[in-house]
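S.K.: Dropping a structure here in structure tokens format, bear with me for questions.
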Amino acid sequence: MKHTEWLIRCSKKIKHKFRKNRTPLSQALVYFFLDNDIEWTHAFTGTFKYSKKNKDAVTKELDRFTNELHSRCRMSKWKRRSKRFPKERLPMVSVVEGDGDLIHIHCHFLLAKPENIIISNDSFAKLIVDAWNKVPTTSCLFNDVKPLHNTLGWADYISKEVTTDDASAINWQFTHLFRKTTKK
């Protein structure tokens, strides 16, 4: 493809359409993620240095990443406090993709900026990358963090491995869908 043709294609306004092979469960999960008062701000894809055998092998890395991201967002006591105050977690949706054989296991995240600190999109993106790189077995290559422009499209994309009877691609242990509400 020529460079000018690529520029023409990129400049067109393309509206998002759902995937054609979407299941009712994946559609319901997408609307479940988006049907709350959370303002999702960032999409992140993280990879690992070494090949993982299965999806359960990344639990320790996800735990360390979540802890590191919470501490960088000044929420260091979130594990202790989340039992009593579940809305004080950083909102995120965590998805682990790949089978370990044909497709390299990697993670996708749907993230929201914390309410407790005022931070720009670029600074929050740097916090995410720094927290991911702090975990020893994660890779600094092929990671991608971007501000969200099409939340519905990203939520649809990360739920692509959800089948009719299996939603195990979504890592529910590290999915936090609560947001602190303020009384007026």
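S.K.: Hey, Asn121 hits all of (1) crowded, with 19+ Cβ neighbours inside 10 Å; (2) modelled with pLDDT of 80 or more; (3) more than 30 Å from Lys53 (Cα to Cα) but one; which does it fall short on?
M.R.: For Asn121, the exception is condition (1).
S.K.: Right, next: Of these, Leu62, Leu69, which one is under 26 Å from Leu141 (Cα atoms), crowded, with 20+ Cβ neighbours inside 10 Å and at pLDDT 85 or above?
M.R.: It is Leu69.
S.K.: Specify the residue that is surrounded by the fewest Cβ atoms within 10 Å (Cβ to Cβ); the eligible residues are those in the range 156-181 that are touching a strand residue (DSSP E or B) at 6+ places or on another chain (Cβ under 6 Å) and under 21 Å from Ala112 (Cβ atoms).
M.R.: Filtering the range 156-181 for residues that are touching a strand residue (DSSP E or B) at 6+ places or on another chain (Cβ under 6 Å) and under 21 Å from Ala112 (Cβ atoms), the one surrounded by the fewest Cβ atoms within 10 Å (Cβ to Cβ) comes out as Thr175.
S.K.: Which pairs do you get when a residue that is within 26 Å of Ser51 (Cα to Cα) and in a strand (DSSP E or B), found in the range 134-159, comes within reach of a residue that is of a type in the set (D, E, K, R) and modelled with pLDDT of 90 or more, reach meaning Cβ atoms under 9 angstrom, with the pair 6+ apart or on two chains?
M.R.: Matching pairs, first to second residue: Val145/Lys126.
S.K.: Now for a separate question. Restricting attention to the range 39-77, report how many residues are part of a helix (DSSP H, G or I), among the hydrophobic types (A, V, I, L, M, F, W, C) and over 13 Å from Asn133 (Cα atoms).
M.R.: 2
S.K.: Another question, if that's okay. Pull up the range 89-114, narrow it to residues that are surrounded by 15 or more Cβ atoms within 10 Å (Cβ to Cβ) and of a type in the set (D, E, K, R), then point me to the one that is farthest from the chain's Cα centre (by Cα).
M.R.: Arg89
S.K.: Among the candidates Leu102, Leu148, Leu111, Leu90, single out the residue that is modelled with pLDDT under 80 and either touching a Pro at 6+ places or on another chain (Cβ under 9 Å) or on the phi < 0 side of the Ramachandran plot (or both).
M.R.: Leu102
The values are calculated or read from the model by the stated rules, or taken from the named source; none is laboratory data. All of these numbers come straight from a predicted model, not from anything done at the bench. Quick reminder, even Gly has a Cβ in these numbers, built from the backbone with ideal geometry, and neighbours come from all protein chains shown.
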